[in-house]
Structures are given as structure tokens and as C-alpha cells.
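Enquirer: Just dropping this structure here.
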Amino acid sequence: MLWRQKILRVTAAFGVAAAAAHTAERLKAPADEQPFLITAAQITPEPKPATAPESPVPQSASLSTPTKAGIGELIGITPVAAATPAGGDTCKPTLQLTAMPGAMIHLALDAPCNRGERIVVRHAGLSFAAKTQADGVAVLNVPALKSDAMVAIYLQDARLVLGKIKVPDASAYSRFAVVWELPAELELRVTDGDKVLVGSAAPGQDDGQKVIALGSPSVQAPVLARVYSVAGPGLGRADITAELRITPASCGRTLRVETVYSAGGIATAAERDVSVPLCGTSGDILVLKNLAPALKLAAPK
């Protein structure tokens, strides 16, 4: 009787072990079968209106960004004044560039999913911030600083649109640009004999000698620019200064100012750090002299 009980116990134990082994075999994937992984590249999202990102101002669109920072997702390069949207991609921006008289570039951006948003335009070291219209369109005129011109537009969702165009008459103009962002408040002043020029000329105005105002001060984190443009080689005898207004937001700080000098269709960019006097001089104006090639400071006035 005892022997029979042992046999039953052994048989039961063997049955439990066999069942466990069978279950384990069913749960174990074959050695040559790989798990199925869904990646973002395998999912085609439906187009939807763009929403504001967590950081509304891309790092790549700020003067304070390190030079090694990423430039965002490249949308494409427009080699001539034409652009063809990708079939089925209703959110893909398109960019058209057209060479205009006076070495100007007519820029037409269509970003249907970036409506009423901040954009940053860059060309040969020149930068300024603007805003798309309610339909995602932005139409701007940019002074060409290089004969073989490339224009980059940074969108608010960190995407980047590039365009290239040849502007042959860019070599017939000399231009000097100064770029800044808040809290700096600058104005470029050019004195040539009895003529005094400030940033009031419209970008499309072609009178040979002018200061062009670029950028919208109403957008978030404004980036503004002034460009002095004159026909011919060199800037001549014009006295070029920048007047920085000392405010409670800027006093006692070190502000970054970018400059670009263009002659013969070749552009050279530089960065300058400006030490603003301590607070207590608010309302005064700091005059930045000898902007090209070196930046020197004059006493507040």
C-alpha cells in the first residue's frame, strides 16, 4: 500500500512538472522571433493645427544661443524662386525667394500650420524676428548681403526652412547691419555731411542710401535690426553710431550686439558684448562709436 502511494506521488509530481514545462514553452518566444516595436517613424499623424511648444522661443532663434546649438528640423532648401509642397503634407511650409531691384530679396513664406506665430529670419549673419499672418503667410523684403544668398527661417515649432537665390547686384552695394534683442533698445544713426539717416526707410524703398528697419517689436522675445545701405564700394565717409537707451531693464547688464558688414557681395559678421552703466543713469543714452570694424563706447549723454 505504501509502495502504491509513492507511485501516485511520483506520478502527480511528474504531471505538475510536465504541465509547468508545457506552460513555459508556450510563454517563451522562439529564439528567432523578435518583439514588435512601434516607432514614431511608423506612425503617420493626421495633420492638425500647430500648438505653442513648451518653450515658445526656439533656442536657435536667440542671440544668446551658443554657436554649437542645434538648428532644428530641416524642412528643405529652395534653390530658386519656386517651391513645391510635398503631396499629402498640408502642414509643410513653402518658401519663395525673388531677387528685387536694389539688391533686395522678396521673401514669401507659407506655413499653414504656423498661423500668427513668431518666426526668425536669418541671412548672412543678419537676424530679425517677425510674425506670420492669420493664414500662416509672411511676406518680407530683406536686403541681400551676399551675391549667393541663403535665407533661413526658424519656425516656432523648432523647424527650419531654407532658401537659396542669386542676387547679382548685391556686389554693387555696401551695407552695415546691427542686430540686438530686448532688453536692449538701439537706434542706428548715420551722419553723412548734412544728411542724417535713422531706421525709418521702408525695406522696399530704393534711394541708394538709407537705413532699413527690420523686425517686429510686438512679438515675443523681439529680435530687431537696422541696416545701413549705400550704393558703391565701401561705406564712404559716413559716421555710423548706435545709440543704446539705458533703461531699468538694461542698466548694469552686459548685452550682446551683432554686427554684419557687407561689401562686394561678401559679408563678415561679428559679435560684441556691451557693458551698460549701472542703474542710476536710466534715461541716458550710451553711444556706440566706430562700429566697423571695432566697437567702442562713448560716455552716456
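The values are calculated or read from the model by the stated rules, or taken from the named source; none is laboratory data. What you see is a predicted model, and the numbers here were worked out from it, not measured in a lab. Cβ: placed from backbone, ideal geometry, glycine included. Neighbour counts: every protein chain shown.
Enquirer: Quick one: is Leu197 in contact with a Phe, Trp or Tyr (Cβ under 6 Å, 6 or more places away or on another chain), within 29 Å of Ser275 (Cβ to Cβ) and surrounded by 18 or more Cβ atoms within 10 Å (Cβ to Cβ)? Don't jump to the end; show me each part of the working.
Expert: On the way: in contact with a Phe, Trp or Tyr (Cβ under 6 Å, 6 or more places away or on another chain): no; within 29 Å of Ser275 (Cβ to Cβ): yes; surrounded by 18 or more Cβ atoms within 10 Å (Cβ to Cβ): yes.
No; evaluated as a whole, the condition is false for this residue.
Enquirer: Hey, among Val167, Val139, which residue is surrounded by fewer than 17 Cβ atoms within 10 Å (Cβ to Cβ), among the aliphatic types (A, V, I, L, M) and modelled with pLDDT of 95 or more?
Expert: After applying the criteria, what remains is Val139.
Enquirer: On to the next question. May I ask you to list the residues in region 142-164 that are in a strand (DSSP E or B) and crowded, with 22+ Cβ neighbours inside 10 Å? Can you show your working first?
Expert: The initial filter retains those residues of region 142-164 that are in a strand (DSSP E or B), namely 142-143, 148-154, 159-164.
Answer for region 142-164, where residues must be in a strand (DSSP E or B) and crowded, with 22+ Cβ neighbours inside 10 Å: Val142, Pro143, Ala149, Val151, Ile153, Tyr154, Val161, Gly163.
Enquirer: Suppose the filter is at pLDDT 95 or above and within 13 Å of the chain's Cα centre (by Cα); does Ala129 pass it?
Expert: Here the answer is yes, as Ala129 does meet what is asked.
This table checks each residue for (1) of a type in the set (A, V, I, L, M, F, W, C); (2) in a strand (DSSP E or B).
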residue	(1), (2)
Ala184	yes, no
Val196	yes, yes
Ser218	no, no
Gly236	no, no
Ala249	yes, no
Val257	yes, yes
Tyr261	no, yes
Arg272	no, yes
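Enquirer: Of the conditions (1) closer than 20 Å to Pro217 by Cα; (2) touching a residue at least 24 places away in the same chain (Cβ under 8 Å); (3) more than 11 Å from the chain's Cα centre (by Cα), His123 satisfies every one except a single condition; which number is it?
Expert: So the condition that His123 fails would be (3).
Enquirer: Still on this structure: Please determine, by comparing only the residues of region 247-269 that are small (Gly, Ala, Ser) and under 20 Å from the mean Cα position of the chain (by Cα), which one is surrounded by the most Cβ atoms within 10 Å (Cβ to Cβ).
Expert: Ala267
Enquirer: Which of the residues belonging to region 104-141 are assigned to a loop (DSSP other than H, G, I, E, B), closer than 28 Å to Arg256 by Cα and of a type in the set (Gly, Ala, Ser)?
Expert: Gly116, Ala124, Gly125
Enquirer: Any idea which residue in region 272-283 is farthest from Val167 (Cα to Cα), counting only those that are out of contact with any Lys or Arg (no Cβ under 6 Å at 6 or more places or on another chain), in contact (Cβ under 8 Å) with a residue 24 or more places away in the chain and not hydroxyl-bearing (Ser, Thr, Tyr)?
Expert: The selected residue is Gly280.
Enquirer: Only one residue in Leu244, Leu278 is part of a loop (DSSP other than H, G, I, E, B), among the aliphatic types (A, V, I, L, M) and either closer than 19 Å to Val198 by Cα or modelled with pLDDT under 90 (or both). Which one? Reasoning before the result, please.
Expert: Values: Leu244 fails: part of a loop (DSSP other than H, G, I, E, B).
Only one candidate passes the filter, namely Leu278.
Enquirer: For the subset of region 221-234 comprising residues that are closer than 23 Å to Leu255 by Cα and either part of a strand (DSSP E or B) or not small (Gly, Ala, Ser) (or both), which member is nearest to the chain's Cα centre (by Cα)?
Expert: Residue satisfying both the conditions and the ranking: Val223.
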